[in-house]
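Enquirer: Before I ask anything, let me first share the structure, which is written out below as C-alpha cells.
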Amino acid sequence: MQRALTPLGARSACRPLALLLLPPVRGRKTRHDPPAKSKVGRVKMPPAVDPAELFVLTERYRQYRQTVRALRLEFTLEVQRKAYEARAGVEAERKAQAEVAEHREMMAWNHAENRRLQELRIARLRQEAQERELWQAEEQARRTREEQARVQQKEQEVLLLQEEAKKFITRENLEARIESALDTPKDYNWAITRSGQVVRS
Amino acid sequence: MPRYELALLLKAMQRPETVAALKRTVEALLDRGAIVRNLESLGERTLPYKISAHSQKHRRAGYFLVDFYAPTTMVDSILDHLSRDTDVVRPTVVKHPLTQEVKECDGIVPVPLQEKLYSTKRSKK
C-alpha cells in the first residue's frame, strides 16, 4: 500500500523518506475490519526520546510560555486600569463637574430666554388686542353707516311710492282713467341712438 | 308684491263696449286683491296675424297695458277669468319689464366656428 502511495515512484532509496513524511493512512481497510494475521504479535512502540533534547525543549517552552503569560497579564492590567480611570479617575470627575456646571449654565440661559420671549409675547399680544379693538370699532362704525344709508334709501323709496300711490287707479277714478287712456293712445315703436336721439320710423 | 303687466288684446269694438270691457277687467283685478297702477292704450291696431278666439277670427284689436301689483297666487286665477271673457282676444301677464335689472350689453361675441365644424360626439365603431 505505501509502495503505491509514494509520489517519487517505486525507488528503494526514497522509501524511508516517504515513510517519514507520510502519516499512516487508511487505504483498503476500514477501522472495523480485523487486523491482518501478520500483525498478530505486533506491539507498537513509540519513537525513542532523546533526554537532553527533551529537557532543552521543555525548558524553552516553559520560558516562552512564562514570557507570553507575563505580557498578556501586563496588557490586561493596562486595559483594566484604563477602564477604571475612565470610570472613576481624576479626569472623569473633572469632566462630570464641568458637565454639571455647563448644564446649570444652559438652564439659566434657557430661563432667561424664556422670560425675554414671554415679555415680547405679552407686548405683541397687547398690540394685537389693541389693533383688533380698533379694527372692530371701525367695522362697527362702517356697519352703522351702511345701515343708516340703507335706511335712508328705504325711506326715499317709501316716499316715492307714496307719491306714486296718489296716481294709482281705484274704483272711484276707474272710469275717468279708462276714458283718459282711450283718448291718449301711447306708442312705444321708437328707438334711441347712443347720443340720445329718438328715432321713429 | 311683485309687479305684473297685463298685455290685453280686446276685440275691435265701439267705444262704450271697450270701456265696459276694460272696467270689467280692472274690477276683476281689484276684486282679486291687486293694486292697479296705470292703464295705457296703444290704440286699435291691425294684428300681425289672424287670431281666432271664442270661435271668431280677429284681424284688428285694441292693445291695452295694465301694470299692477298682485300676489303671485292671483295670476293663475286672473288668466283663467280672462280666457273666459269673449271680448278678450289674448290675455298675457308678464313680470313688469321695468322691474328687470338693466344688463350691460356685451356686443357681438365672436363664436369660434372651428370647434363647431366637426361633431364632438364619438361615433360607435
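Readers should treat all values here as calculations from the given coordinates under stated rules, not as data from a laboratory. Here the structure is a predicted model, which means the values were calculated and not measured. Glycine gets a Cβ as well: all are built from the backbone with ideal geometry, and neighbour counts include every protein chain shown.
Enquirer: Going through the stretch A:124-177 one residue at a time, which ones are of a type in the set (Ser, Thr, Tyr) and farther than 30 Å from residue B:68 by Cα? Walk me through it before giving the result.
Expert: Our first condition is that a residue be of a type in the set (Ser, Thr, Tyr); within the stretch A:124-177, this holds for A:144, A:170.
Across the stretch A:124-177, the qualifying residue is only A:144.
Enquirer: Check whether at least one residue in the stretch A:95-112 is more than 14 Å from chain B (Cβ to nearest Cβ), under 52 Å from the mean Cα position of the chain (by Cα) and either outside any helix (DSSP H, G or I) or basic (Lys, Arg) (or both), and report yes or no.
Expert: Yes, that holds for at least one residue.
Enquirer: Identify, please: which residue in the stretch A:158-184 is more than 10 Å from every other protein chain (Cβ to nearest Cβ) and either of a type in the set (Phe, Trp, Tyr) or outside any helix (DSSP H, G or I) (or both) and is, among those, farthest from residue B:63 (Cα to Cα)?
Expert: Within the stretch A:158-184, the match that is farthest from residue B:63 (Cα to Cα) is A:166.
Enquirer: Additional query: Among the residues of the stretch B:1-19, write down those that are outside any strand (DSSP E or B), surrounded by 15 or more Cβ atoms within 10 Å (Cβ to Cβ) and either of a type outside the set (Val, Ile, Thr) or more than 10 Å from chain A (Cβ to nearest Cβ) (or both). Outline the logic, then answer.
Expert: Step one: of the stretch B:1-19, the residues outside any strand (DSSP E or B) are B:1-2, B:12-19.
Filter once more, keeping what is surrounded by 15 or more Cβ atoms within 10 Å (Cβ to Cβ): B:12-13, B:18-19.
Result: B:12, B:13.
Enquirer: Is it the case that residue B:34 is touching a His at 6+ places or on another chain (Cβ under 9 Å) and within 14 Å of chain A (Cβ to nearest Cβ)?
Expert: no
Enquirer: Moving on. Residues of the stretch B:20-41 being in a strand (DSSP E or B) and surrounded by fewer than 20 Cβ atoms within 10 Å (Cβ to Cβ), which ones?
Expert: From the stretch B:20-41, those in a strand (DSSP E or B) are B:35-41; that's our starting set.
Listed by number, the residues that qualify are B:35, B:37, B:38, B:40.
Enquirer: Right, another one. Would a scan of the stretch A:122-144 turn up a residue that is within 14 Å of another protein chain (Cβ to nearest Cβ), part of a helix (DSSP H, G or I) and surrounded by 10 or more Cβ atoms within 10 Å (Cβ to Cβ)? I'd like the intermediate steps shown before the answer.
Expert: Quick first cut of the stretch A:122-144, residues within 14 Å of another protein chain (Cβ to nearest Cβ) only: none.
There is no residue in the stretch A:122-144 that is within 14 Å of another protein chain (Cβ to nearest Cβ), part of a helix (DSSP H, G or I) and surrounded by 10 or more Cβ atoms within 10 Å (Cβ to Cβ).
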